[in-house]
1. Of all the residues that make up segment A:11-46, how many are in contact with a strand residue (DSSP E or B) (Cβ under 6 Å, 6 or more places away or on another chain), more than 14 Å from chain B (Cβ to nearest Cβ) and in a loop (DSSP other than H, G, I, E, B)?
2. Scan segment B:224-250 for residues that are on the phi < 0 side of the Ramachandran plot and within 14 Å of chain A (Cβ to nearest Cβ) and jot them down.
3. Among the listed residues B:254, B:207, identify the single one that is more than 14 Å from chain A (Cβ to nearest Cβ) and in contact with a helix residue (DSSP H, G or I) (Cβ under 9 Å, 6 or more places away or on another chain).
4. Among the residues of segment A:47-61, what is the count of those that are free of Cβ contacts under 8 Å to residues at least 40 places away in the same chain and part of a strand (DSSP E or B)?
5. Which residue is nearest to the other protein chains (Cβ to nearest Cβ), if the candidates are limited to segment B:150-164 and must be farther than 27 Å from residue B:198 by Cβ and surrounded by 14 or more Cβ atoms within 10 Å (Cβ to Cβ)?
6. I'm trying to understand the selection: among the residues of segment A:48-61, which are in contact with a helix residue (DSSP H, G or I) (Cβ under 9 Å, 6 or more places away or on another chain) and either away from chain B (no Cβ under 14 Å) or closer than 30 Å to residue A:92 by Cα (or both)?
7. For the structure I just gave you, tell me whether residue A:57 is loosely packed, with under 13 Cβ neighbours inside 10 Å and outside the structural domain of residue A:36 (by TED's automatic domain parsing).
8. Just the residues that are surrounded by 20 or more Cβ atoms within 10 Å (Cβ to Cβ) and free of Cβ contacts under 8 Å to residues at least 12 places away in the same chain, please, taken from segment B:88-113.
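The values are calculated or read from the model by the stated rules, or taken from the named source; none is laboratory data. Keep in mind the model is a prediction, meaning the values are calculated, not measured. Backbone-built Cβ (ideal geometry, glycine too); neighbour counts: all protein chains shown.
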């Protein structure tokens, strides 16, 4: 059990049966008065934000969250399926819970799935993934127009800006934290 | 945090302390030093002293300062460190610096004038916008007015529902920004060591000074009835027990001298918060040499 002394940004607790992330915390004590622990909490499943003020002596149940490495299998409509390679258990995640991760998912990509009980509520990707460029305008050698990047679509359908020398069919490394082109994969 | 910024803050802090001393010298106050290690602090519901062996570090120099008034000193001030357990936040440090000053044969209204003069005296040390704020006239508001204006409930109901502190902290204090402000005449239940108003015994002669929405100082006309004071200390200990806190020892020597205290008024002023506001810093960490986490 957590106490008010444990409250801080980033702490994950269970409130009303759902996992909440503490996004803001302030210790307040009016002169001669009781200590008040003011928090903003974000529901990790539906994103609702709550303002709650606590007093000394209150306790909190930690959120029973688990992170498990899983493999991305496939997508059907807005449902993304992942499989635990140890147990062969499969979980399905909704597209809206995926955030930007959906831009970088390749079959068999190993990711960390955040589970609340049996429910998949978040996914973390490796910092860098390699994806093939499916479509981009060819580079005209000798092009002195001064453009230092051009749009390209990779195999997941994600569109990003790449340097002018990147051709269709090439493998590029994307930084999943920023969504930006990182480097060209040689060989 | 930016170490150059912090160095500059420490330089400003030194100037502020010097300027405060000069202010009190000009007003004929005697600077005193009283022991930091005490047999007993004033027992309070929500302040937990730090124990040191069989003694306690002071949570405030208040009791010794009042005993000095009993001995005939009329205008005294002290800048010292105070310790309060488990108080840590943007505006709290478990060890902090407090300025306290006391006047005998005065009541809390004289202290309001002192606050105005002190802020005006310090204003030139800040940047122009901050200086203008601290040079401006302090506005006053009673606790009852504050509750009816911003509290969405009455003081009476808030005390009944035990939401007084929460309403102060979440609804009232954040509005006290436009000018430095004195919030005055607290209900007797929140009077602590303050004398009750003769014409309105439900109210205590207590005020708090706010600047930038932050509580800077707590002041009152001093209670000098030892029986009433002992009763309040006992009541505070009762509340502590119901909260699962320890009973605190009675400051007997203070209580035995209290009957000889002339009508007086005293004020406790947070120096770290004052420096934070004058420096335009975001929190106390930026204006102290070391935070407890850095030790």
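1. Result for segment A:11-46: 3.
2. B:232, B:233, B:235, B:236, B:239, B:240, B:241, B:242, B:243, B:245, B:246
3. When all the criteria are applied, what remains is B:254.
4. Matching residues across segment A:47-61 total 5.
5. The extreme case among them is B:163.
6. Matches in segment A:48-61: A:60 only.
7. Details: loosely packed, with under 13 Cβ neighbours inside 10 Å: yes; outside the structural domain of residue A:36 (by TED's automatic domain parsing): no.
For residue A:57, the condition - loosely packed, with under 13 Cβ neighbours inside 10 Å and outside the structural domain of residue A:36 (by TED's automatic domain parsing) - is not met.
8. Selection gives nothing.
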